[in-house]
Amino acid sequence: MIYPDFYPFYATQGSPGFYNEEREQEKEFDLMRSYYPDTARRIQEKAEAQCQLLDYEGSRLYDEYPDRFMLYHICHQVKGQMEGDTSVQEIPGGFLDDLIEVLVYQEISRRRCRRRRCRKCFRTEY
């Protein structure tokens, strides 16, 4: 196959500025997360772990319109993991559910934005 334009291998790599921006955003997010209260930090860790299990190519997390039942199921699994934690038992049930939902949705949103930026950066037009 003969290509009309020649592109050397190094020209196909992503822009280095992209990685610097991504690194700075992650550092800022980690800084803000360090200010979370202990209970919220533990819930955030469980939400990250649950989202990490679902973070693969073709995952339902990255659907254009995520399924509400799937999101509810993820939140329910995070809440199930938090059952034995004594500090969580002090929080009223409705507030705990809302906090779990917010942290899970925020983690999913962060992963979706990161995936969208990566695809935009490495997308090639033919």
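Quick check, is residue 26 under 12 Å from the mean Cα position of the chain (by Cα) and modelled with pLDDT under 90? Judged against the criteria, residue 26 is a match. Taken over segment 51-80, the criterion of being more than 12 Å from residue 105 (Cα to Cα) and under 13 Å from the mean Cα position of the chain (by Cα) is satisfied by 52, 53, 54, 55, 56, 59, 60, 62.
Which ones in segment 61-106 are in a helix (DSSP H, G or I), without any contact (Cβ under 8 Å) to a residue 24 or more places away in the chain and within 15 Å of residue 38 (Cα to Cα)? Once the filter is applied, which keeps residues that are in a helix (DSSP H, G or I), without any contact (Cβ under 8 Å) to a residue 24 or more places away in the chain and within 15 Å of residue 38 (Cα to Cα), segment 61-106 yields 86, 89, 96.
Quick check on residue 36: is it at pLDDT 90 or above, surrounded by 11 or more Cβ atoms within 10 Å (Cβ to Cβ) and not in a helix (DSSP H, G or I)?
Criteria met by residue 36.
The values are calculated or read from the model by the stated rules, or taken from the named source; none is laboratory data. Every value quoted in this text rests on a predicted model; they were computed, and no experiment measured them. So basically every Cβ, Gly included, is an ideal-geometry build from the backbone, and we count neighbours across all protein chains shown.
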